[in-house]
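Each remark here refers to the structure printed beneath this line.
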6 protein chains.
Amino acid sequence: MRRGLFVGRFQPPHLGHKELIEYILTQVDEVVIVIAAAQVSHNIKNPLTGGQRLELMRIMLSNSNIESSKYWLIQIPDIFDNGLWVSHLKRFIPKVDVAFGNNPFTTMLFQDAGLETKNTPLIKRDLFESRQIREKIRNGDNVEDLLDRDVNKLLKEWKIAERLKAVSSSDSAKFGDANSNFR
Amino acid sequence: MRRGLFVGRFQPPHLGHKELIEYILTQVDEVVIVIAAAQVSHNIKNPLTGGQRLELMRIMLSNSNIESSKYWLIQIPDIFDNGLWVSHLKRFIPKVDVAFGNNPFTTMLFQDAGLETKNTPLIKRDLFESRQIREKIRNGDNVEDLLDRDVNKLLKEWKIAERLKAVSSSDSAKFGDANSNFR
Amino acid sequence: MRRGLFVGRFQPPHLGHKELIEYILTQVDEVVIVIAAAQVSHNIKNPLTGGQRLELMRIMLSNSNIESSKYWLIQIPDIFDNGLWVSHLKRFIPKVDVAFGNNPFTTMLFQDAGLETKNTPLIKRDLFESRQIREKIRNGDNVEDLLDRDVNKLLKEWKIAERLKAVSSSDSAKFGDANSNFR
Amino acid sequence: MRRGLFVGRFQPPHLGHKELIEYILTQVDEVVIVIAAAQVSHNIKNPLTGGQRLELMRIMLSNSNIESSKYWLIQIPDIFDNGLWVSHLKRFIPKVDVAFGNNPFTTMLFQDAGLETKNTPLIKRDLFESRQIREKIRNGDNVEDLLDRDVNKLLKEWKIAERLKAVSSSDSAKFGDANSNFR
Amino acid sequence: MRRGLFVGRFQPPHLGHKELIEYILTQVDEVVIVIAAAQVSHNIKNPLTGGQRLELMRIMLSNSNIESSKYWLIQIPDIFDNGLWVSHLKRFIPKVDVAFGNNPFTTMLFQDAGLETKNTPLIKRDLFESRQIREKIRNGDNVEDLLDRDVNKLLKEWKIAERLKAVSSSDSAKFGDANSNFR
Amino acid sequence: MRRGLFVGRFQPPHLGHKELIEYILTQVDEVVIVIAAAQVSHNIKNPLTGGQRLELMRIMLSNSNIESSKYWLIQIPDIFDNGLWVSHLKRFIPKVDVAFGNNPFTTMLFQDAGLETKNTPLIKRDLFESRQIREKIRNGDNVEDLLDRDVNKLLKEWKIAERLKAVSSSDSAKFGDANSNFR
C-alpha cells in the first residue's frame, strides 16, 4: 500500500484539483490531501477559512466517483517558518511515501526532508489558475466550467464574491487610513 | 439536517469515544469530531501527535458500522488562549448546530459564543478514563476491552508505551538537569 | 509633574486597589494604572477579560473622588517572557518616574530596567486578597465591603460566579477527558 | 445609552480624527476609541508606539471640548490574523452597539461578527490622509493645520521626523546589507 | 572527524558540565554545546539569560585546557513544542554525529529524529545537581567546589543570589496579588 | 577592555565582513558578532539557516589571522517586533560598549536604547553587496574574490545555488498555485 501527499491552499478547490487527485490515485493507493495555511483567511490570496475549504473539497470529492476510503482531508495551520515547515506538516498526517507537485520550492523542502517527490502533469494549466479563478469570482464572471456545481453554489451562499471585493479594498487608505487593514 | 460537534484530545481514541459518537448520531444527522490541541504531542497528557490520533480515530470508525458520510474528522491546533478558543475552532469546521459534552468549562465557552450545548450520557465512565488508559498502556496492562483492536495494534507498532515511559521521565532531573526537558 | 506606575492583574478591581491609587496620588501627580495580562481570561486566576477589568476599574474610579485627568487606565497583553516584560510594558504607557508595589520580583525587573521603585503601605492586606475575593464571589459570599457597589453589580450581571465555577472544573476530567480543557 | 466603536492606527492622531469623534458623539452617547496594532512601531507605516499614540490622542481630546466620560481610549495589540481579529478586539473593550468607519474590509469583518456598522462622513479627506501627514512630518513641512498644537509639540520633542527618516532607510541595503532591517 | 552534541540549560554552568565536556571530547573530535531555552530567564528554574550563560560557559572553558577549536557554543531559543524541537535545534547547529546525555525523554526525541545517542557517565551526580546549586547560591552557601572561580565571581557581580530570591517570591501573593508575577 | 557589537544577517558571510571585523578590532578589544534572524531560512533574502551561517563565519574567521578569543559568534532569532528588538538582542550577548554599523535604522534603535554607535568605513561597497553575491551564486558566476575559499566550498557542498533557484520560484504560481509557497 502506497500513500501520496498532495498539498495546496485550495483557494478555492476547483476541477483541476479534482483531476489531479484522480491522476494521483492512478499512481498510489491513497492520497493525503493537505489544506495548507488553514488558519489564514480573509485576505486577497486566501479569502476562505480552512473549514470552508474543507467543506468545499469534501463536497467536490463526494460528487466525484472517488471512494472516500482512498483519500484523507487534513487541514494544517501555517507556522510561517520555511525551515520547519515539513517537520510541522508531518505531525498532522499519516505516513506518506511520495509527495506530488510541480513547485520547485516545496519539492526542495520535501527532498531535503528525505521524502520522495514526483511531478504531476499540468492539466489545462491556463484554465485552472487559482488567482484567475478568484478574480472571476470577484467580478461575477462565469466559473461553471472551473468549479464543481455544489462548490459554486456554496461560494454564492457564503457571499465570497463580496468578501473578495472587501479584502481587495483593505490596502486602499480611506479617511486617514484609520480604518484600513491594521497591519 | 442537523450537525453536532464533539471535541476531544483523544489521547488515545478509545471505545468510549466510539459509543459516544454512535450516541450523538442518534441525536443529529452528522457529527463533526474535532481533535483538539492537534500540534501538542510528546508530553505526559498528550503522547500522540495529531496525525496519529487522526489515523487511530479513522481506523476505529472504519471498523465500526458508522457511515463515513456521517462524520467529519478535523484537527485543530491549540492557541493557548481560552478567550479566543471558540472563535478559533469555528474557522476549521463546517457550521454546527449543537455541541455535545459534559465539561462545564467548554460548555460555558460554547454558550458564551451563542452555541447550543447538550450533555451526553456517561458511558461506563470508570472504565473509559483517558488518563488511566494511558497509564495502562505505559505499564503494559491489558487494554483490549478499552481500545479498538487496530488502534491497539498501531499503538504497539508506534511504541507508544515506550514514549509514555520516556515523557514520564522528563521532569526527573538527571545529571545537573542539563538534559531534562528544556522548559 | 511626576508620574507613578501601578501594575496589577485586577481580577477583579477591589476597594483595596482604590485606596492604593488614592495613596499613590498623595505621592505623585498622575498615576498610570496598568491592567496586566490583558488578553488572559477564562481561567481560575484570571476569570475576567481585559475589557471587563477596564470597565470595572473605570466605574470604580468614577465613583471615587479621583479626577479623571489624574489617572491613565491602560491594558497590556502578557508576552510570557520575563526578560522582555518591562521593555514591552514601556511601549504601551507614557513616561513614568517611579513604579509602586511590594512584590520583590517586579521590583527587581523595574530596577534592572533603571526605573525607580517605591513600596506601598499594605492596606488591610488580610481583607483585600484577590484570590480570596475570587473564591468568595464563586461561593456567593458577601463581598459588599470589598468591592465597589457598581463593580459588584456588573460582576453579577456578567455571571462571573458561574464563570468561576466553570473554570474551576476544567481540570477535573469528565468522560475520558475528551471534553476537558484542551491544553 | 448607545456606544459606538471607532478603530484606527492613529499614526499619528490628527484633527480629522478629532472631527470624526465629535461627529460620532452626535450619533451615540459614548465612543470607544481603539488604537489598533498597539505593539507595532518603528516602521514606515507605524512610526509611533501605542503608548505614544495614546498620549497624543489623550492630549488632543483634552484640548477639545469633549467630556472625558464620553470616550474610552483603548490600545489593542495586533494578532496578525484577520479571521480572529474581531473576537480578539472584543476582549479589550466594553460592549458596543455600532462600529463607525468607511473601510469595506473592516466593515465586512464587523458585519460577519454580527455587529451593526455605520459609515462616517469623509471630512476633508484630501487633507487628512495619514500617509501624507507622515511624509510631511518627515520632510519638516508645515502640519499646523492638520495636527493639534500639543500633538505637534510632542512629535517634535520625541524627534519623530528623525525616526521617520531612519525607518525609511531600513530597506536600502547598506554595506552588504549586514546592518539592514533584520527581516 | 566526528562531532558530538551536548544540550543543557546550564543554569548555571558548573564543574560537572566541564568534566562531561572533557569526557565527550575523549569520544569525539568536536563537541557542539547547546545552551537551550536561551530566551528564558528570570524565573526560578532559569534565573540567567542566555547571554549570561554563554559568557559563564566561555570563561569556564577558557579556564580549562580545552582547545577552543574543539567546541562550539550555541544558544537556541525554546519553541515550547516537543514535536518540533529536534528539527528546530538542527537549524542552529553544524551537522553532528551523536548526541550525548542520560535523559530518556531527549534521548527518545533524538532517536525518533534518526540521531545516534550515547549515555554519559554520571560524574559525582549528587554533587552536581543544578537545582541544588541554585539553592545554594540563593542561600549564600559555599559553591566554590562546584563552580569555576570566574563563574562564581561573575554570579556575584551580577547579583544572581538576589535575583534568585526575587524570582522565588513571585508566586507569593502580596497585596491583592496585584503586583505578583503577571501570568 | 572595550567590546564592540557587529550585527548582520550574513547571507552569506563574505570577505567584506571579514575586513569589517578586522577594522572593528582596531577600534575595540573584542567584537561580538551577531547572526541576526537566525531562525529564518529558505527564502530569497535568507537562503541559509543560522547554523550554516555560523559554520561559514567560523571557518572564515579561523582562516583569518584573528585570534578566537577576540570575537564572539552568537545567533539570535528574529522576534519581528522593531520596538523590542534591542532589548531582545541584549539577552543573548555579553555587555557591549559600542555598536558598529552604517544603517540609520539600527543606529536609531541602538541610540534609543542608550547604546553608543559608530559608523564603519564602507569597504569596496560595490563589490560586497550581499544581494548581488546571492544572485551570482544562484547563476553560477565566479565569486572567488568575494568569499573565503572554504565558505565557497561549503556553499557548493550544501547545493546553495540550487536552493536559491528553488526559493526564487516560490512566488511563481504553478498549477492553480496549489503547490506554491504556503503563505
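Could you tell me whether the range E:166-177 includes any residue that is closer than 30 Å to residue C:9 by Cα, part of a helix (DSSP H, G or I), at pLDDT 95 or above and not acidic (Asp, Glu)?
For the range E:166-177, residues closer than 30 Å to residue C:9 by Cα, part of a helix (DSSP H, G or I), at pLDDT 95 or above and not acidic (Asp, Glu): absent.
Check B:46, B:102 and return the single one that is assigned to a loop (DSSP other than H, G, I, E, B), more than 8 Å from chain C (Cβ to nearest Cβ) and of a type in the set (S, T, N, Q). Don't jump to the end; show me each part of the working.
On the way: B:102 fails: more than 8 Å from chain C (Cβ to nearest Cβ).
None of the others qualify; the one that does is B:46.
So that you can scan it fast, the table gives a plain yes or no per residue for (1) crowded, with 17+ Cβ neighbours inside 10 Å; (2) polar (S, T, N, Q); (3) not in a loop (DSSP other than H, G, I, E, B):
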site: C:111; (1), (2), (3): no, yes, yes
site: C:122; (1), (2), (3): no, no, no
site: C:141; (1), (2), (3): no, no, no
site: C:144; (1), (2), (3): no, no, no
site: C:147; (1), (2), (3): yes, no, no
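Looking at this structure, is residue B:147 over 28 Å from residue B:80 (Cβ atoms), aliphatic (A, V, I, L, M) and touching a Pro at 6+ places or on another chain (Cβ under 9 Å)? Let's see the steps before the verdict.
On the way: over 28 Å from residue B:80 (Cβ atoms): yes; aliphatic (A, V, I, L, M): yes; touching a Pro at 6+ places or on another chain (Cβ under 9 Å): yes.
Yes: the conditions hold for residue B:147.
I need the full set of residues from the range B:1-43 which are β-branched (Val, Ile, Thr), assigned to a helix (DSSP H, G or I) and either over 21 Å from residue B:108 (Cα atoms) or within 11 Å of the chain's Cα centre (by Cα) (or both), in order please.
Residues of the range B:1-43 that are β-branched (Val, Ile, Thr), as a first pass: B:7, B:21, B:24, B:26, B:28, B:31-35, B:40.
If we keep only those that are assigned to a helix (DSSP H, G or I) too, we end up with B:21, B:24, B:26.
Selection gives B:21, B:26.
When residue D:27 is evaluated against the numbered criteria (1) more than 10 Å from chain A (Cβ to nearest Cβ); (2) on the phi > 0 side of the Ramachandran plot; (3) out of contact with any helix residue (DSSP H, G or I) (no Cβ under 9 Å at 6 or more places or on another chain), which criterion, by number, is the only one it fails?
Single failed check for residue D:27: (2).
Evaluate the range F:51-61: report whether one residue or more is in contact with a Lys or Arg (Cβ under 6 Å, 6 or more places away or on another chain) and surrounded by fewer than 22 Cβ atoms within 10 Å (Cβ to Cβ).
The answer is no; no qualifying residue exists.
Against the definition (free of Cβ contacts under 8 Å to residues at least 60 places away in the same chain, of a type in the set (A, V, I, L, M) and either within 21 Å of residue A:131 (Cα to Cα) or facing chain F (nearest Cβ under 10 Å) (or both)), how does residue A:33 come out, yes or no? Before the answer, list the steps.
Values: free of Cβ contacts under 8 Å to residues at least 60 places away in the same chain: yes; of a type in the set (A, V, I, L, M): yes; either within 21 Å of residue A:131 (Cα to Cα) or facing chain F (nearest Cβ under 10 Å) (or both): yes.
Here the answer is yes, as residue A:33 does meet what is asked.
Within the range F:26-48, can you find the residues that are of a type in the set (Ser, Thr, Tyr) and surrounded by 22 or more Cβ atoms within 10 Å (Cβ to Cβ)?
Here is the first cut: in the range F:26-48, the residues of a type in the set (Ser, Thr, Tyr) are F:26, F:41.
Passing the criteria: only F:41.
Looking at (1) over 19 Å from residue E:19 (Cβ atoms); (2) at the interface with another protein chain (Cβ under 7 Å from one of its Cβ atoms); (3) assigned to a loop (DSSP other than H, G, I, E, B), find the lone condition where residue E:96 falls short.
So the condition that residue E:96 fails would be (2).
Looking at the range E:108-128 only, could you name the residues that are more than 7 Å from chain B (Cβ to nearest Cβ) and free of Cβ contacts under 8 Å to residues at least 24 places away in the same chain?
Selection gives E:111, E:114, E:116, E:117, E:119, E:126.
Checking the structure you have, find out if any residue of the range D:161-169 is more than 10 Å from every other protein chain (Cβ to nearest Cβ) and on the phi < 0 side of the Ramachandran plot. Before the answer, list the steps.
Going residue by residue through the range D:161-169, those that are more than 10 Å from every other protein chain (Cβ to nearest Cβ) are D:161, D:164.
Next cut, on the phi < 0 side of the Ramachandran plot only: D:161, D:164.
Scanning the range D:161-169, I find at least one residue that is more than 10 Å from every other protein chain (Cβ to nearest Cβ) and on the phi < 0 side of the Ramachandran plot, so the answer is yes.
Might you check whether a residue that is in contact with a strand residue (DSSP E or B) (Cβ under 8 Å, 6 or more places away or on another chain) and within 12 Å of chain B (Cβ to nearest Cβ) occurs anywhere in the range E:10-19?
Going through the range E:10-19, the residues in contact with a strand residue (DSSP E or B) (Cβ under 8 Å, 6 or more places away or on another chain) turn out to be E:10, E:17.
From what's left, within 12 Å of chain B (Cβ to nearest Cβ): E:10, E:17.
Yes, the range E:10-19 contains at least one residue that is in contact with a strand residue (DSSP E or B) (Cβ under 8 Å, 6 or more places away or on another chain) and within 12 Å of chain B (Cβ to nearest Cβ).
Going residue by residue through the range D:49-57, is there one that turns out to be farther than 21 Å from residue C:35 by Cα and modelled with pLDDT of 95 or more? It would help to see each step written out before you state the result.
Just the residues of the range D:49-57 that are farther than 21 Å from residue C:35 by Cα, to begin with: none.
No, the range D:49-57 has no match at all.
Which of the residues belonging to the range D:49-85 are in a helix (DSSP H, G or I), touching a strand residue (DSSP E or B) at 6+ places or on another chain (Cβ under 9 Å), farther than 21 Å from residue D:131 by Cβ and within 14 Å of chain A (Cβ to nearest Cβ)?
Passing the criteria: none in range.
Can you say whether residue E:9 is of a type outside the set (Ser, Thr, Tyr), touching a residue at least 12 places away in the same chain (Cβ under 8 Å) and surrounded by fewer than 23 Cβ atoms within 10 Å (Cβ to Cβ), as far as the supplied structure shows? Spell out the reasoning first.
Numbers: of a type outside the set (Ser, Thr, Tyr): yes; touching a residue at least 12 places away in the same chain (Cβ under 8 Å): yes; surrounded by fewer than 23 Cβ atoms within 10 Å (Cβ to Cβ): no.
Spelling it out, it is not the case that residue E:9 is of a type outside the set (Ser, Thr, Tyr), touching a residue at least 12 places away in the same chain (Cβ under 8 Å) and surrounded by fewer than 23 Cβ atoms within 10 Å (Cβ to Cβ).
Restricting attention to the range F:124-139, which residues are of a type outside the set (Val, Ile, Thr) and either in a helix (DSSP H, G or I) or on the phi > 0 side of the Ramachandran plot (or both)?
Within the range F:124-139, F:124, F:130, F:131, F:132, F:134, F:135, F:136, F:138, F:139 meet the criteria.
The values are calculated or read from the model by the stated rules, or taken from the named source; none is laboratory data. Computed from a predicted model, the values in this text were never measured in an experiment. Positions of Cβ are backbone-derived with ideal geometry, glycine not excepted, and every protein chain shown enters the neighbour counts.
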